Amino acid sequence: MTETMRAMVLESPGQGLQLRRAPVPQPGAGQVRVRVSCCAVCRTDLHVVDGDLPRPKRPVIPGHEVVGRIDALGGNVSGFKIGDRVGVPWLGHTCGHCRYCTGGQENLCDEAAFTGYTLDGGFADYVVADAHFTLPIPDEYDDISAAPLMCAGLIGYRAYVMAGDAPALGIYGFGAAAHIIAQIARFEQRHVFAFTRSGDEEGQAFARSLGAAWAGSSHEQPPEELDAAIIFAPVGALVPAALRAVRKGGVVVCAGIHMSDIPSFSYDILWGERVVRSVANLTRADGEAFLRLAPKAGVRTSTHCYRLDQANQALADLRDGKFAGAAVLTMAE
Ligand SMILES: [Zn+2]
Ligand SMILES: [Zn+2]
């Protein structure tokens, strides 16, 4: 008899997730199976569930901020043993031989596979993952507080690095990624300027509590010129807003996987060697660098827990901005 597990499954985009019994997956060569302890909820999960991203696996189990323990090993796995505590991030597999993979940009590989999107993810009791894309979790974090590090932290960190050496850093959209990156920025003595939806006083207070020098609405001009800005909110209209806030030579980093259309804007606000760029996915090197830095910087995550079967509620609350920090699904029954 095949063993089964609980899984929150996306059968068709736009229809929400369904709680199903699914076969416990078996690890293939080079893979590990993880007994999931918890899985954080990312804005990208919303884009998967809403059908904003092309060609998802159908049906698919979302979730790419997985924390758990290895409970089975496929063939040819080295470096891990049963019982190891690991995280499974968004980048699940790459080809290993294209110009991107061999040039330090595996995040851009055309053959890449993504956890919880083109591969089944962690909104379930078990997940299988390529051992090479599985990351050990630093001891300083318990399972729940580690989960948001796996994407909000990792991809947020890649966006932060792309923003360059920016003593005055703007962050547009103060959710899960921003709350982690603000702490890294403070640790590195940068001034953080947080932009939220207008009227989100709770979000602005949360940003100030994490050391933001200023917090206000996205339509406001910050009290000083920014050296760089990171846009975590999926709102194209923030691109011209951020360009107006950064100094000459400054960079605006679009950190989300999906964004509404960017409205046309006058060349004046790009002039002066301002740069707009996107950040796509993560590399394993980003993961390793960030997971070394986070405990050193004393990064703490603010989490809001839901049971696995409440995944749709967690997604709805994320959409409505109902909590500060990150939502985490816990598998305990
Ligand atoms: Zn490749
Ligand atoms: Zn994510």
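The values are calculated or read from the model by the stated rules, or taken from the named source; none is laboratory data. Keep in mind that this is a model prediction, so the values were computed, not measured. In this analysis, Cβ positions are derived from the backbone assuming ideal geometry, glycine residues included, and neighbour counts consider all displayed protein chains. Only protein heavy atoms, including side chains, enter the accessible area calculation; ligands, DNA and RNA are left aside. Shrake-Rupley method; radii C 1.70, N 1.55, O 1.52, S 1.80 Å.
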Inset, instruction - Please indicate, with yes or no, whether at least one residue in region 14-28 is within 16 Å of ligand 2 (Cβ to nearest atom), under 14 Å from Leu119 (Cβ atoms) and in contact with a strand residue (DSSP E or B) (Cβ under 7 Å, 6 or more places away or on another chain). - result: no
Inset, instruction - Could you look through region 318-332, keep only residues that are more than 21 Å from Pro234 (Cα to Cα) and not β-branched (Val, Ile, Thr), and pick out the one that is most open to solvent (accessible area, probe 1.4 Å)? - result: Ala332
Inset, instruction - Exactly one condition in (1) among the aliphatic types (A, V, I, L, M); (2) in a loop (DSSP other than H, G, I, E, B); (3) over 29 Å from Ser260 (Cβ atoms) is not met by Leu53; state its number. - result: (3)
Inset, instruction - Considering only residues that are of a type outside the set (A, V, I, L, M) and touching a Ser or Thr at 6+ places or on another chain (Cβ under 6 Å), look in region 119-145 and name the one that is surrounded by the most Cβ atoms within 10 Å (Cβ to Cβ). - result: Gly121
Inset, instruction - Just give me the residues in region 66-97 being closer than 24 Å to Phe290 by Cβ and within 16 Å of ligand 1 (Cβ to nearest atom), in sequence order. - result: Trp90, Leu91, Gly92, His93, Thr94, Cys95, Gly96
Legend entry - Total residues in region 314-333, condition in a strand (DSSP E or B) and farther than 14 Å from Ala177 by Cβ: 3
Inset, instruction - Sort out which residues of region 220-269 are more than 17 Å from the chain's Cα centre (by Cα), part of a strand (DSSP E or B) and surrounded by 14 or more Cβ atoms within 10 Å (Cβ to Cβ), and write them in order of number. - result: Leu226, Asp227, Ala228, Ala229, Val246, Arg247, Gly250, Val251, Val252
Legend entry - Filter result (in contact (Cβ under 8 Å) with a residue 12 or more places away in the chain and away from ligand 2 (no atom under 16 Å from the Cβ)) within region 79-92: Gly79, Phe80, Ile82, Gly83, Asp84, Arg85, Val86
Inset, instruction - Could you tell me whether any residue of region 298-317 is open to solvent by 20 Å² or more (accessible area, probe 1.4 Å) and under 23 Å from Ala168 (Cβ atoms)? - result: yes
